[in-house]
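The values are calculated or read from the model by the stated rules, or taken from the named source; none is laboratory data. Because the structure is predicted, anything quoted here is derived from the model rather than measured. Glycine also receives a Cβ, built like all others from the backbone with ideal geometry; neighbour counts cover every protein chain displayed.
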Amino acid sequence: MRFKALSKETIERIKAEFPKYPNRRSLTLPALRIAQEDIGYVSEPAMIDIAELLDLTPIQVYEVATFYSQYNMKPVGKYLIQVCKTLSCSLVGAIPIIEYIQKKLEIAIGETSEDGFFTLKVVECLAACGSAPMMQINDRYYEQLTPEKVDQILSDLKTNGKSDLATGPFMLPVLQG
Ligand code: FES
């Protein structure tokens with residue numbers, strides 16, 4: 001088959017995972033992650049390619065991709081901001097933080113700032129409840145947020161590409177493959 005969206009390199013990266021899994025279907029999450037790493041989001045043609053590679057139907061891949069918030073269904077900015085809105089974070093100010101970011105960047109949830117730097121998503125618990133409110137930007141956590149910290153973090157990222165206010169890397173070994 002001629003693949004529509006995934007590059008030869010991406011196909012090879014996914015194929016290299018085959019021996020680690022009992023069957024191809026169990027490779028759906030890693031395959032989506034690899035595709036997203038390589039093209040920035042999970043497009044429809046990419047899902048069709050993954051279905052072909054894993055002997056699944058496109059809808060089976062689509063169901064998985066749309067269930068998990070870590071998969072981007074459309075292109076995102078250079079920095080993907082994911083603010084947790086689950087109970088522990090909401091109780092200590094997640095909603096005002098989300099509203100603050102929206103106002104600051106002049107975007108709604110799911111949108112990307114005009115300069116292409118930031119996309120805002122709202123997600124469920126990211127397992128840092130003890131230091132709520134928190135957000136993840138790309139693969140870094142930022143905790144105990146205040147509007148002042150948000151200002152500093154976004155400014156740092158835009159000017160330096162990193163911020164000393166990061167509290168650690170995001171780790172989810174099962175999905176890291
Ligand atoms: S409730 Fe926000 S990290 Fe758990």
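For (1) touching a helix residue (DSSP H, G or I) at 6+ places or on another chain (Cβ under 7 Å); (2) under 14 Å from Y79 (Cα atoms); (3) within 16 Å of the ligand (Cβ to nearest atom), each residue gets a yes or a no:
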residue: E111; (1), (2), (3): no, yes, no
residue: F118; (1), (2), (3): yes, yes, no
residue: K121; (1), (2), (3): no, yes, yes
residue: M135; (1), (2), (3): no, yes, yes
residue: T146; (1), (2), (3): no, no, yes
residue: K158; (1), (2), (3): no, yes, no
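Using the structure shown, decide if S113 is modelled with pLDDT of 95 or more and either within 17 Å of L29 (Cβ to Cβ) or surrounded by fewer than 19 Cβ atoms within 10 Å (Cβ to Cβ) (or both). For S113, the condition - modelled with pLDDT of 95 or more and either within 17 Å of L29 (Cβ to Cβ) or surrounded by fewer than 19 Cβ atoms within 10 Å (Cβ to Cβ) (or both) - is not met. Looking across the range 67-109, the residues that are charged (D, E, K, R) and more than 14 Å from the ligand (Cβ to nearest atom) come down to K74, K78, E99, K103, K104, E106. The helices (runs of 4 or more DSSP H) located wholly in the range 85-177 that include 1 or more residues which are hydroxyl-bearing (S, T, Y) occupy 87-91, 94-105, 147-160. Out of curiosity, is V64 surrounded by 15 or more Cβ atoms within 10 Å (Cβ to Cβ) and away from the ligand (no atom under 15 Å from the Cβ)? The answer is yes for V64. Is it true that I48 is touching a helix residue (DSSP H, G or I) at 6+ places or on another chain (Cβ under 7 Å), over 24 Å from G168 (Cα atoms) and more than 16 Å from the ligand (Cβ to nearest atom)? The answer is yes for I48.
One line per residue, one yes/no per condition, for (1) closer than 24 Å to D139 by Cα; (2) in contact with a Pro (Cβ under 9 Å, 6 or more places away or on another chain); (3) in a helix (DSSP H, G or I):
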position: R2; (1), (2), (3): no, no, no
position: K15; (1), (2), (3): no, no, yes
position: P22; (1), (2), (3): no, no, no
position: P30; (1), (2), (3): yes, no, yes
position: Q36; (1), (2), (3): yes, no, yes
